[in-house]
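Colleague: Before I ask anything, here is the structure I am working with.
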Amino acid sequence: MTIWNLGSINIDNTYAMHHIVAPGETLAATELLTGLGGKGANMSVAMVRAGAKVAHIGAVGRDLDWPVARLAEYGVDTGFIASSDVATGHAIITVDRAGENAIIVYPGANVVVPIEAVKAALGEARPGDKLVMQNETNLQAETARLAHEAGLWVAYAAAPFSAESVAAVLPYIDFLILNEIEAAQLQDATGKAPDQLGVRDVVVTLGGDGAAWYDGANAQKHVFPAVKVTPVDTTGAGDTVTGYILAGLDNGLSMPEAITLAMKAGALMVTRHGTADVIPQLGEVQAFQP
């Protein structure tokens, strides 16, 4: 089957810092890495590296084409990525010595994805395929509805968080993943806990404490411990976890098996500097012994 990803594509400029810059402070970086990023691109790469067939739906500016070439090089189907007069999205990422980050994102072409690209992609989809989205593009609710009506299994990663955006896709999704802060914000906005949202499967990531899966079919909560490592850069770890869960499910793993594998992938990811370009391969994850 194919996983269709309506997702952002960014150029990531990552600066290694002694500490995160405070208001009014000027601080020299010790290193600069430029690479492929954006939650969407990260998830596409993660899913491919976890063994899934992935087609990316998105947009980039006409100013450069290497981000699309990089995705294609990694094995992602890029035939549904549109060109735009708006500049390619980019992110300025600062990472301190403890691996924590602060990020500025310019959305750019990510928020002008044409509906024609979405319809062309979903016109190629088949019932049983999967769709995943994040909150870094336009057309999320429209795409979720079209995919749901076409018989696709629909997943939503609720980041960057917006309660309004989550509410718009809730009627159409089968899987929701968000972190514990986002889950608390969603509960404040809706008055509903994760197991009350009407979504069959909800995963709440807990950072260094692992993840919780709310199994709607059996009305149960399952907790999965994190794999303990010393992080050097947490950027992209959540996207890696999401991608590995979705690819695992697409490859026939049970939800517990997919989450357990994703915990290892996320742990390995935070031991590396960078984003999409350094997401681990499935073989690395399977062999990883922290």
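Colleague: Can you tell me which residue within the stretch 128-160, out of those that are within 16 Å of the chain's Cα centre (by Cα) and at pLDDT below 95, is least open to solvent (accessible area, probe 1.4 Å)?
Modeller: Among residues in the stretch 128-160 that are within 16 Å of the chain's Cα centre (by Cα) and at pLDDT below 95, the one least open to solvent (accessible area, probe 1.4 Å) is A159.
Colleague: Next question. What number of residues within the stretch 243-265 are part of a helix (DSSP H, G or I), open to solvent by 10 Å² or more (accessible area, probe 1.4 Å) and out of contact with any His (no Cβ under 7 Å at 6 or more places or on another chain)?
Modeller: 8
Colleague: Show me the strands (runs of 3 or more DSSP E) entirely contained within the stretch 164-235 in which 3 or more residues are open to solvent by 40 Å² or more (accessible area, probe 1.4 Å) and over 28 Å from I93 (Cβ atoms).
Modeller: 220-224
Colleague: Restricting to the stretch 68-85, what's the tally of residues that are closer than 21 Å to A125 by Cβ and either touching a Gly at 6+ places or on another chain (Cβ under 8 Å) or not in a loop (DSSP other than H, G, I, E, B) (or both)?
Modeller: So the answer is 9.
Colleague: Quick check on I103: is it part of a strand (DSSP E or B) and open to solvent by 30 Å² or more (accessible area, probe 1.4 Å)?
Modeller: When the stated conditions are applied, I103 passes them.
Colleague: May I ask you to list pairs of residues, at least six apart or on different chains, whose Cβ atoms are under 7 Å apart, with the first in the stretch 45-58 being within 17 Å of M269 (Cβ to Cβ) and the second being at pLDDT below 95 and open to solvent by 10 Å² or more (accessible area, probe 1.4 Å)?
Modeller: none
Colleague: While we're looking at this one, here's another question. Would you check if R70 is modelled with pLDDT under 95, out of contact with any Cys (no Cβ under 8 Å at 6 or more places or on another chain), open to solvent by 50 Å² or more (accessible area, probe 1.4 Å) and among the basic types (K, R)?
Modeller: Answer is no for this residue.
Colleague: Next up: When the residues of the stretch 47-67 are filtered to those that are outside any strand (DSSP E or B) and of a type outside the set (D, E, K, R), which remaining residue is modelled with the lowest pLDDT?
Modeller: This residue is L64.
Colleague: Would you confirm whether any residue within the stretch 24-46 is within 28 Å of L282 (Cα to Cα), aliphatic (A, V, I, L, M), open to solvent by 30 Å² or more (accessible area, probe 1.4 Å) and assigned to a loop (DSSP other than H, G, I, E, B)?
Modeller: no
Colleague: Six or more apart or on different chains, Cβ atoms under 6 Å: show the pairs whose first residue is in the stretch 232-255 and over 18 Å from D209 (Cα atoms) and whose second is at pLDDT below 95.
Modeller: Taking only residues 6 or more apart or on different chains, the pairs are D250/M1.
Colleague: Hey, another quick one. With the requirement that a residue be in a strand (DSSP E or B) and touching a helix residue (DSSP H, G or I) at 6+ places or on another chain (Cβ under 8 Å), what does the stretch 86-100 give you?
Modeller: G89, H90 - these are the residues of the stretch 86-100 that are in a strand (DSSP E or B) and touching a helix residue (DSSP H, G or I) at 6+ places or on another chain (Cβ under 8 Å).
Colleague: V118 - would you say it is among the β-branched types (V, I, T), in contact with a Ser or Thr (Cβ under 8 Å, 6 or more places away or on another chain) and either open to solvent by less than 30 Å² (accessible area, probe 1.4 Å) or in a loop (DSSP other than H, G, I, E, B) (or both)?
Modeller: yes
The values are calculated or read from the model by the stated rules, or taken from the named source; none is laboratory data. Since the structure is predicted, the reported quantities are computational estimates derived from the model, not experimental observations. Positions of Cβ are generated from backbone atoms using ideal geometry, with glycine treated the same way; all protein chains shown enter the neighbour counts. Accessible surface is based on the protein model in full, side chains and every heavy atom, while ligands, DNA and RNA are left aside. Shrake-Rupley method; radii C 1.70, N 1.55, O 1.52, S 1.80 Å.
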